[in-house]
Each structure stands twice: as C-alpha cells, then as structure tokens.
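Right, one structure below, let's go through it.
The values are calculated or read from the model by the stated rules, or taken from the named source; none is laboratory data. Quantities reported herein were computed from a predicted structural model and do not represent experimental measurements. We place every Cβ from the backbone using ideal geometry, glycine too, and count neighbours over all the protein chains shown.
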C-alpha cells in the first residue's frame, strides 16, 4: 500500500480494515514521527514493513511508532531528522533492519547525541541485525552508541566524516560486517580484532590510509575479507600514495624500500657512531689517568746522585 502527499495518512478511511496490509510506503507526507503516525480507529496490526523515505521528517519519538509494533523493516532515509525524543524505537521489538541513509540533520555533536538516544533503550533490539547510517556527515560516533543493540550483525557507516574506529570494547562482539568506506580514517588500530572479534568483512576503501608497516601487516595477516580492495588506497607515505595497500610488494617493509625502515636504519647508524665516540673518549680518559698516576712523586724518582746522604760524625 502506498500513500503520497501531505496528510495522506490522516485521510485514510476510518472503519476500513487495514489489518491485512503488511507493507506501507509513505512519501512526501511531511510526517511528524513524534506524534501518532495514524489517526485513531486505523488499524495496521500486521504491518511489517514501513517505508517513510523522502518525507522531510524532522522529529521522531516513541509515540510515532506505538501503532506499528510489528514492523520488522523500517526505512527512514532521505529525511532531515534533527530532534529525537528519548528511546524512540522502544516499541519496535521485532525490528530487523533500520535504514537511515542521509536522514540526519544538525551539527556533528547533535547527531552523535541523537544516535545514542536512538539505541539507549529498554528495547534490547535482539532481532535488529542491520543498521544503515550512510551519508549522514557524521563526525563522530560515541563509543557506547551501539552497545544496546544485541542482535547487530552488519553496521554501515560509509560516506561520513569519521576519523577513527571509536567503538567501546565488548559492545560489538557479534558484529560480522562493518562498512566504513568514504570516511577520513587514516589508521586502522592494531587491536581492532580485540573489540571487533567476530568481524569477517570490513570495508575501509576510499579512506586516506597511512600505509605504515603495522597497517600493511594487519590487512595481510588476518582472516578478514576486505571489501573493495582496489579502492583501498594509500594516502601516505608519499612513496606509495595512490596505490592499493593490497598491491604493495612483499618486501615493502624492508629497510631498503620502506621509509620507516630507512629512518630506523639511519637512526641505528647515528646511535652506533655516538656509542663508538663515547667509548673512544672514555678510553682516552682512562689512558690520561694512567699517565698521570705514573708522574714523579716525593723521593721515589730522585736520581741516586741527587739523593741526600746521611752524615755521620
């Protein structure tokens, strides 16, 4: 069933039976999801899919979903949500998929707070396995944002402005796929698999990656499928800029090729020269002390003929 246009939901026929409708598409309706989605007397008791994309939604709250408790698939993309009441999805205990691409409005801090409010809930979201939050210009994700989503298996945060993997430990233990393409991430943390132990698919393509040896070894040595490998390119160091991190030569991290290795080698040479210099100076100092200790002292080195003979009377 499709409703289009402002107030289209409130113009539904009262008394008509909508109990058999399982899919509802609502577009360009100017919805306020902090209020009742349907007027009194309208029953969508079997609704499992609600598509409310392209509605210029600015507000959401728990009341907006109280009459859609059986919804499993919720699409809220292409809206302008700037205000969220606490725990707006509490009644959606059967929710399996939440799509909110290009749905949030406001500054970075406000968006981070909104996301935290979405999932800081009495609802444990045990069925919510997929969350899409692409193209929302997100600057940050508060570490515990997704801790309350117990069923989360796939998280999409592509094409935002994230600079790091800011996830609390022990929160995403069941996550299988993490999509972070098109952000501003430079470094993949060495302990990433400690707080994402079950991830088997990771997309960090189109990020300005720093391809240091630690990162190169990490992407090569672990049993994780990296998505879009051809677009997972190095932004630094300059010697490999623009190259896929997966196409670097096996000897990239040798001292002859890797800038970090070269730097370490030269540092070793400098330290070695300094150490040799210190040892040489110390040796000369000891020799000087030895020479000084052998200098004439008292009567011990007087010539025999200069010695004072005792006089006898």
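Here's the yes/no breakdown for (1) assigned to a loop (DSSP other than H, G, I, E, B); (2) within 29 Å of residue 116 (Cα to Cα); (3) in contact with a helix residue (DSSP H, G or I) (Cβ under 6 Å, 6 or more places away or on another chain):
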position: 6; (1), (2), (3): yes, no, no
position: 13; (1), (2), (3): yes, no, no
position: 17; (1), (2), (3): yes, no, no
position: 21; (1), (2), (3): yes, no, no
position: 24; (1), (2), (3): no, yes, no
position: 47; (1), (2), (3): yes, yes, no
position: 64; (1), (2), (3): no, yes, no
position: 79; (1), (2), (3): yes, yes, no
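If you check residue 149 against the conditions, is it out of contact with any helix residue (DSSP H, G or I) (no Cβ under 6 Å at 6 or more places or on another chain) and part of a loop (DSSP other than H, G, I, E, B)?
So residue 149 fails the test.
Among (1) at pLDDT 90 or above; (2) closer than 22 Å to residue 165 by Cα; (3) part of a helix (DSSP H, G or I), which single condition is residue 218 missing?
(1)
Conditions first: (1) touching a helix residue (DSSP H, G or I) at 6+ places or on another chain (Cβ under 9 Å); (2) within 27 Å of residue 156 (Cβ to Cβ); (3) surrounded by 16 or more Cβ atoms within 10 Å (Cβ to Cβ). Residue 85 passes all but one, so which condition is the exception?
(3)
Is it true that residue 59 is buried (at least 16 other Cβ atoms within 10 Å of the Cβ), touching a strand residue (DSSP E or B) at 6+ places or on another chain (Cβ under 8 Å) and over 20 Å from residue 152 (Cβ atoms)?
yes
Run down 65, 89 and say which single residue is at pLDDT 95 or above and within 35 Å of the chain's Cα centre (by Cα).
That would be 89, the only listed residue that is at pLDDT 95 or above and within 35 Å of the chain's Cα centre (by Cα).
Taking residue 101, is it touching a strand residue (DSSP E or B) at 6+ places or on another chain (Cβ under 8 Å), surrounded by fewer than 19 Cβ atoms within 10 Å (Cβ to Cβ), modelled with pLDDT of 95 or more and under 25 Å from residue 53 (Cβ atoms)?
When the stated conditions are applied, residue 101 does not pass them.
In this structure, does residue 130 turn out to be modelled with pLDDT of 95 or more, touching a strand residue (DSSP E or B) at 6+ places or on another chain (Cβ under 8 Å) and crowded, with 19+ Cβ neighbours inside 10 Å?
No: the conditions fail for residue 130.
Please enumerate the residues belonging to the range 221-262 that are part of a helix (DSSP H, G or I) and either closer than 23 Å to residue 157 by Cα or modelled with pLDDT of 90 or more (or both).
Those that are part of a helix (DSSP H, G or I) and either closer than 23 Å to residue 157 by Cα or modelled with pLDDT of 90 or more (or both): 229, 230, 231, 238, 239, 240, 245, 246, 247.
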